[in-house]
Amino acid sequence: MTPEERNAWQQSLAQIALDIKLNTLPFDMPWGHFENLCQKLIAEECNLSGLEVIDPIIYGRSGQKQEGIDIKGTIPNSSKFFMMQCKHYTLVTAGNITKWVDDFIKGKFSDQTSMYILATTFDISSDTKLVDSWHEAQQKLDSLGIRSEIWDQPSILAKLKNTFKVTSMFWGETIASRYCHQDFSENVYPYSYPVKNTNKVNNIIYIQNNTCQLDLIVPTEKEGIKAGGIFSFARRDLHGTTFSIDGKALIPLLQVKAHTSSLRNTNYLYKSETKYYLSLANIRLTLEDNEVDDLDWVLEQAFSYYLGSSKKIEAKFKTKRFERSSTDFKIKLCEIKQSLWSTTIDYAYAHDIANGDSSDFIYDSAPGCLKVFVDRDTENLDYGYHLIMYPKSSGSMLNDNVILEWEPLSDIAGSPVEIDQRKAWDAEFTYHWLHTYLFPRVYDWAKDKSTKENNTNLIRRLFKKENESHIPPLDYFIASNYKATSRNLERNVSCLKTMQNYTDKLQQHFHCYQHQARIKKELIINVVDACIFLLNENTELNCNYIRGNLRLGGETTLKELLLLKEDKESRVYSTSTMLDMALRSLGKLLELKHELSLYEIEVVK
């Protein structure tokens, strides 16, 4: 349908009386107009009987074999398609319906179809024979696993009633304004949110920007690491509808957006001819170009708030090195044998605060629970509780191990108390205390007690050995200490092997970015400097691998790296790809080394 054809047809409608609200629309349009109309309606509707359809296109041209279809569309995450037949008829018989559907079933696309629609300009509901014929055809389609709908004139008119944009495209704005619901002829955005506005109420951040809003739930010390959000949009067809998203889906979205200028550069958005399709865990939306711009800003602010809140909590609780066992602040510190835990409880009973005054008596004995408590200020501890720890079964059928979890202490109102080495303990301090203070003392106490008092019951329970003279080391009773990577990885680098592992981890990290991360150029220059330092010992080394990675010239690798650094403004790009390539080059040079001196390690770090 050319613009000239459309204008000519719209002008022919000028004789229609336009002083009253129209109840119908004329369908005496050119044949090609009807196919285009159906295509636009599918693109607007998107969701058909719970099925998302994108990129509906006219299939073939007049005169070509079309296999019983006129419009074909794709369905995300499916190998099957959406198909539509468009029949611009002034009169339809039952035989017509049967033939149309049979032609489609016999065609090559029937076994590739998930959803089929028969569209016609005739009123099928006006004749019972036509209705029965369609139901029979629908049963045939159902037997093939194909969902189906019929769009006859009344149903198409009903859709156009709520689609001013499409109606005005084919009949003109004047007629559309008198046929469509009045509010649809007005601004698509009758309501807008404040531009670039944020408000905070408790742990909810309301982030607004013109066409969209996100109610962001950020982690708090009291509520734990639970996070999530609720999206709202100002567009008329979405206004009043909210879309909730949990933390497992929201946080990766925020992380990806933080490393790219727009969602357009990510896999979360798919662009069709005129729209963007947003695809999240349980959300499928069509967005206009301006809405994507507004959403980009909202997500950027959301990540900033989430990261700030998380860092504040981490600074207090120090939990990120350890594995979480729940969305609350329950952290796995270690997995030990049941015998060691039982003996630890015996040790706590023996060293209850009521049994002595020395620094060893710091426990409030309780069955099945470890409580560190002092009833007065001491040299190392303030009055009160410092740790309360319960065991949790490992759930294994192969052993009776228990997992010891840390969680922050709270006051009578449920709010976390002050964290300090003299007060309540954070996760890292607790971990260190268990492994360097408590477990060694429990172990030595059990050996000493069984020896001095010939307490065979205690030693059998702890060591479970027929030969009681053979006592296994303490490590035997600690199945896993859940020790995570250090906060400062470079401080643990003490040899060539760890330096290689560290470099590999960094390279893999930046290689995993599928979007343009914001990389400081200084980071890349630092890696180049490390390569130059290592190459100073072999100035004539020519490494084609490094040359290819960094696009170097024909001089020695060392000289080319020096030239690269000199010309960094034009040759070094602030991208994750170039940092990835630089780290690969450093890794190659480390492979060629037999050892690294402490001096070399310090310089490379």
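No value in this document is a laboratory result; all are computed from the given coordinates. As the structure is a computational prediction, the values presented were derived from the model and not from experiment. Glycine also receives a Cβ, built like all others from the backbone with ideal geometry; neighbour counts cover every protein chain displayed.
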Rounded to the nearest 0.05, what FRET efficiency do Glu288 and Ser480 give with R0 = 60 Å and r taken as the Cβ-Cβ distance? Could you check? 0.70
Between Glu67 and His435, what length in nm is gained on full extension when 0.36 nm per residue of separation is reduced by their alpha carbon distance? 125.2 nm
Considering the alpha-carbon set of the stretch 323-480 alone, what are its Rg and its Dmax in angstrom? 16.2, 52
Quick query: amide H of Trp151 versus all other amide H atoms, modeled in the peptide plane; which residues come in under 5 Å with a sequence gap of 5 or more or a different chain? Leu118, Ala119, Thr120
Label-reachable residues, the stretch 249-273, where backbone N falls under 13 Å from a point 7 Å from Arg324's Cα toward its Cβ: 249-252
Starting from the Kirkwood radius over alpha-carbon pairs of the stretch 197-287, derive D by Stokes-Einstein at 10 °C in a medium of 1.306 mPa s and give it in µm² s⁻¹. 112
Listed by chain and number, the residues whose amide H is under 5 Å from that of Cys212, excluding neighbours fewer than 5 places away on the same chain and using placed H, are Tyr193, Ala234
Nitroxide proxy distance, nm - points 7 Å out along Cα→Cβ at Cys495 and Asp529: 2.8
Length gained when the stretch Asp411-Ser125 is fully extended (0.36 nm per residue, less Cα-Cα span): 96.0 nm
Run down the lysines and flag those whose C-alpha is under 17 Å from the C-alpha of Lys497, throwing out any fewer than 8 positions away in its chain. Lys505, Lys588, Lys593, Lys605
Two-site label geometry, Val201 and Asn380: point separation in nm, points 7 Å out along Cα→Cβ: 4.8
Between Ser272 and Asn162, how many nm apart are label points set 7 Å from Cα along the C-beta direction? 1.7
Scoring only Lys, Arg, Asp and Glu (+1, +1, -1, -1) among other residues with Cβ under 10 Å from the Cβ of Ser114 yields +2
